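Here is the structure we will look at.
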Amino acid sequence: MSGERYILGAIAGDIIGSSYEFNNVKSPDFELFTDDTFFTDDSVLTMATMYAILRQTGGGADYAKAYRRFGRKYPHRGYGGNFNSWLYDDDPKPYNSWGNGSAMRASPVGWYCGSIDDVLAEAEKSAAVTHNHPEGIKGAQAAAAAVFLARTGKSKDAIKQFIVDAFGYDLDRTIDEIRPAYEFDVSCQGSAPEAIIAFLESSDYENAVRLAVSIGGDSDTIAAVTGGIAEAFYGKIPEDIAGFVRVILGPDLMQDVVIPFSKKYRKKGSGYGCKSP
């Protein structure tokens, strides 16, 4: 698989950040992979989003079904309490969450849809099965929109302006300004803007993820959001990172989800028929 460009940006960000979620480093100078590195709920549900899109029928992608399928198959990966209850509820309903779980899993929507309007509608659909609070929906839309704009060749200035205009996020801060006082925050409004800033300030994929992890807080989720956008903008992730991620995921998740999704949707600037409801 060496040399192939599979969509692994958000997953790699999650895996790199996993060692530091509860052991914040507050510096971009850290070991990328440690003995504690693993894939968390961010990766599981990002792949579930891919799976839902790949397996959709005439009724569209069934995100709830995919999230429950993957969440049950890969338990104990750091799911929030409300989401974990939702996984096993006999009649699962959205629970008005504004948590960043909606943003962490949304990056595949930015690869799937062919217009920004469709991205926003599809991202809302992916979020609303659980995170139907306005902030939860905004977080998913912002993450997916940034991926779409990045992969279709928009500049960082254009991406920043769209996010500010559409969602009202404050992106006029630097990572150095954010880092000293930043604390653990699982809300979309308290982590998605910071993840986007890490991308905007970066020089390449690895630097973007390092900046994301360096602010502390919910490191794996912030790095997942940042990594998804950075991969779309820079076009690839380093092979040493991609190779490690493939090993961590294993052949089944690669062959059944990541590879088919990447082969179908990784065409910069192309549209794929994703339609607004």
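The values are calculated or read from the model by the stated rules, or taken from the named source; none is laboratory data. Bear in mind the structure is a predicted one, so any value in this text is a computation, not a measurement. All Cβ positions, even for glycine, are placed from backbone atoms using ideal geometry, and neighbour counts span all protein chains on display.
So which residues in the range 111-169 are over 18 Å from Y63 (Cα atoms) and part of a loop (DSSP other than H, G, I, E, B), if there are any at all?
G114, S115, T152, G153, K154, S155, G168, Y169
From D29, D14, grab the single residue that is among the acidic types (D, E) and either touching a Gly at 6+ places or on another chain (Cβ under 6 Å) or outside any loop (DSSP other than H, G, I, E, B) (or both).
Among D29, D14, only D14 is among the acidic types (D, E) and either touching a Gly at 6+ places or on another chain (Cβ under 6 Å) or outside any loop (DSSP other than H, G, I, E, B) (or both).
Among residues belonging to the range 87-110 that are hydrophobic (A, V, I, L, M, F, W, C), in a helix (DSSP H, G or I) and in contact (Cβ under 8 Å) with a residue 24 or more places away in the chain, point out the one that is farthest from D218 (Cα to Cα).
Selected residue: V109.
Report, by residue number, each residue of the range 200-238 that is more than 17 Å from N24 (Cα to Cα) and not in a helix (DSSP H, G or I).
Within the range 200-238, S202, S203, D204, G235, K236, I237, P238 qualify.
Every residue in the range 174-199 that is aliphatic (A, V, I, L, M) and over 16 Å from the mean Cα position of the chain (by Cα), please.
We begin by selecting, within the range 174-199, every residue aliphatic (A, V, I, L, M); these are 175, 178, 181, 186, 192, 195-198.
Once the filter is applied, which keeps residues that are aliphatic (A, V, I, L, M) and over 16 Å from the mean Cα position of the chain (by Cα), the range 174-199 yields I175, I178, A181.
Among the listed residues A212, A150, A128, identify the single one that is at pLDDT 95 or above and closer than 20 Å to S18 by Cα. Before you say what the answer is, go through the steps one by one.
On the way: A150 fails: closer than 20 Å to S18 by Cα; A128 fails: closer than 20 Å to S18 by Cα.
A212 is the lone residue from the list that is at pLDDT 95 or above and closer than 20 Å to S18 by Cα.
Taking the range 32-72 as the region of interest, how many residues are in contact with a helix residue (DSSP H, G or I) (Cβ under 8 Å, 6 or more places away or on another chain) and free of Cβ contacts under 8 Å to residues at least 24 places away in the same chain? Give the derivation first.
Step one: filter the range 32-72 for residues in contact with a helix residue (DSSP H, G or I) (Cβ under 8 Å, 6 or more places away or on another chain), giving 32-34, 36-55, 60-63, 65-72.
Those left that are additionally free of Cβ contacts under 8 Å to residues at least 24 places away in the same chain: 34, 36, 55, 62, 65-66, 69, 72.
Within the range 32-72, residues that are in contact with a helix residue (DSSP H, G or I) (Cβ under 8 Å, 6 or more places away or on another chain) and free of Cβ contacts under 8 Å to residues at least 24 places away in the same chain number 8.
Checking the condition modelled with pLDDT of 95 or more and not small (G, A, S), which residue from F22, F30 passes?
Just a single option satisfies the conditions, and that option is F30.
When only residues in the range 32-47 that are charged (D, E, K, R) and over 20 Å from Y205 (Cβ atoms) count, which is surrounded by the fewest Cβ atoms within 10 Å (Cβ to Cβ)?
D35
Right, I7: in a loop (DSSP other than H, G, I, E, B), within 12 Å of the chain's Cα centre (by Cα), of a type in the set (A, V, I, L, M) and closer than 23 Å to I229 by Cα or not?
Yes: the conditions hold for I7.
Would you confirm, using the coordinates I've provided, whether S85 is among the polar types (S, T, N, Q), more than 13 Å from D41 (Cβ to Cβ) and buried (at least 17 other Cβ atoms within 10 Å of the Cβ)?
Considered against the rule, which asks whether it is among the polar types (S, T, N, Q), more than 13 Å from D41 (Cβ to Cβ) and buried (at least 17 other Cβ atoms within 10 Å of the Cβ), S85 comes out as no.
Residue under question is T49, and the condition is that it be among the polar types (S, T, N, Q) and outside any helix (DSSP H, G or I); does it hold?
Taking the combined requirement at face value, the residue does not satisfy it.
So if I check each of I215, I241, I248, which one is over 16 Å from the mean Cα position of the chain (by Cα) and surrounded by fewer than 20 Cβ atoms within 10 Å (Cβ to Cβ)? I'd like the intermediate steps shown before the answer.
Working: I215 fails: surrounded by fewer than 20 Cβ atoms within 10 Å (Cβ to Cβ); I241 fails: surrounded by fewer than 20 Cβ atoms within 10 Å (Cβ to Cβ).
It is I248.
When K267 is evaluated against the numbered criteria (1) in a helix (DSSP H, G or I); (2) closer than 30 Å to T57 by Cα, which criterion, by number, is the only one it fails?
Going through (1) in a helix (DSSP H, G or I); (2) closer than 30 Å to T57 by Cα one by one, K267 breaks only (1).
Looking only at the range 100-115, how many residues end up being surrounded by fewer than 24 Cβ atoms within 10 Å (Cβ to Cβ) and closer than 17 Å to P193 by Cα? Reasoning before the result, please.
Narrowing the range 100-115 to residues surrounded by fewer than 24 Cβ atoms within 10 Å (Cβ to Cβ): 114-115.
Now narrow it down to the ones that are closer than 17 Å to P193 by Cα: none.
Counting residues in the range 100-115 that are surrounded by fewer than 24 Cβ atoms within 10 Å (Cβ to Cβ) and closer than 17 Å to P193 by Cα gives 0.
Run down E194, E183 and say which single residue is among the acidic types (D, E), under 19 Å from I229 (Cα atoms) and in contact (Cβ under 8 Å) with a residue 24 or more places away in the chain.
E194
Go through (1) surrounded by fewer than 23 Cβ atoms within 10 Å (Cβ to Cβ); (2) at pLDDT 95 or above for M1 and report which single condition fails.
(2)
Write out, first by first residue and then by second, each pair whose Cβ atoms fall under 8 Å of each other, whose residues are 6+ apart or on separate chains, and whose first residue, in the range 116-132, is surrounded by fewer than 24 Cβ atoms within 10 Å (Cβ to Cβ) while the second is part of a helix (DSSP H, G or I) and of a type in the set (V, I, T).
Correct list of pairs: E124/I137; A128/I137.
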